[in-house]
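Rule-based calculations on the coordinates, nothing more; no lab input. Worth saying up front: this structure is predicted, and the values here are computed from it rather than measured. Counting neighbours? That spans all protein chains shown, and the Cβs are built from the backbone with ideal geometry, glycine included.
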Amino acid sequence: MTWLDTIILSIVEGITEFLPISSTGHMILVDAIMNHGKARTADEVEFAKLFEVCIQLGAILSVVVLYWQKFFDFKRLDLYFKLIVAVFPALLFGKLFSEKIDELLESPTTVAVALLVGGIVLLFVDKLFGKSGVDHEQNLSYKRSFMIGLWQVVAMIPGTSRSAATIIGGMQQGLTRRFAAEFSFFLAVPTMMAATGYKLLKATQEHPEMLKNKDNLAMLGVGNVIAFIVAFITIKTFIQFLQKNSLRAFGVYRILAAVAIFALMFMGRIG
């Protein structure tokens, strides 16, 4: 990876991780554009995969900082318990099907189809689940938290978007559009920390030399800082957007992104 790759991928991660447009799909698109025709060694490919996972930590931290009053208000422990209930399905299914998920990550077709289907759903989600009333975590039941967690399992299909799945799931469970997005952010913290921690542990065991390279460590550090800053701005902007607008624009965008991936596959830019 070059430093230009580091900067671009970190910006893409910061923008796409919490929007309902699939960070995985965009990483595939960006990687195809940046590395078309380049010969990369197996170590370079493996580090690129590790980098894309590790910079999620910076994005996660942006949620904690932005909502620190809620995360560190220990008088409201029910939020922690509801997050535990919601994250449990993803931890269970992630452990059971981790190898299959990794295989799907290698399939641009899967990503493109998931983008397309999710985009169509977002076009109509406000009409389907527009009658919402739950606008605060104190009004969110454990049953609804668990059901949102089940929706998050769908996001294990690359291209679905964890954010899209949990926001749609939240609205289906009666949450307002804004609170569904906020709970999606909260749920991202334990979910992504578990996924990132697992990938780091696996990389340490299988490719320990990658984390001993000073250039690699420098890129990981800079990447996390950039992802944090961009994600922080993106989350604030997204919440303001949802107060006045529907999710239709993201549906249209996902459909266009799916078409772009299909086009790149047809031209041989993505294999």
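What to note about this one:
- Tensor-based shape of region 97-167 (alpha-carbon gyration tensor, a/c under 1.5 rounded, otherwise prolate or oblate): oblate
- Global form of region 1-138, assessed from the alpha-carbon gyration tensor, a/c cut-off 1.5: prolate
- Annotation for region 168-206 versus region 123-148: alpha-carbon center distance of 16 Å.
- Quarter of Cα convex hull surface for region 50-92, i.e. mean projection, nm²: 3.8 nm²
- Residue-normalised convex hull volume from the C-alpha trace of the chain: 119 Å³ per residue.
- Distance violations [Cα-Cα > 23 Å] among K143/K202; K95/K202; K131/K244; K49/K202: K143/K202
- Computed label-point distance, nm, for sites K70 and A249 using a 7 Å Cα→Cβ extension: 2.2 nm
- In the chain, the longest principal axis of the Cα atoms and the axis of helix 23-34 are about 30 degrees apart.
- Principal-axis tilt of helix 56-66 within the chain, Cα atoms, nearest 10 degrees: 30 degrees
- Three-way shape call for region 47-206 based on the alpha-carbon gyration tensor, with the a/c threshold at 1.5: oblate
- Were the residues from E206 through F124 laid out at 0.36 nm apart, the gain over their Cα-Cα distance would be 25.1 nm.
- Highest-fluctuation residue, L217, L200, L61 considered, GNM on the chain with Cα pairs under 10 Å: L217
- Paired Rg and Dmax values of region 134-249, which use every Cα atom, in angstrom: 17.0, 49
- Label sites at I7 and F81, each approximated as a point 7 angstrom past Cα along Cα to Cβ, lie 4.9 nm apart.
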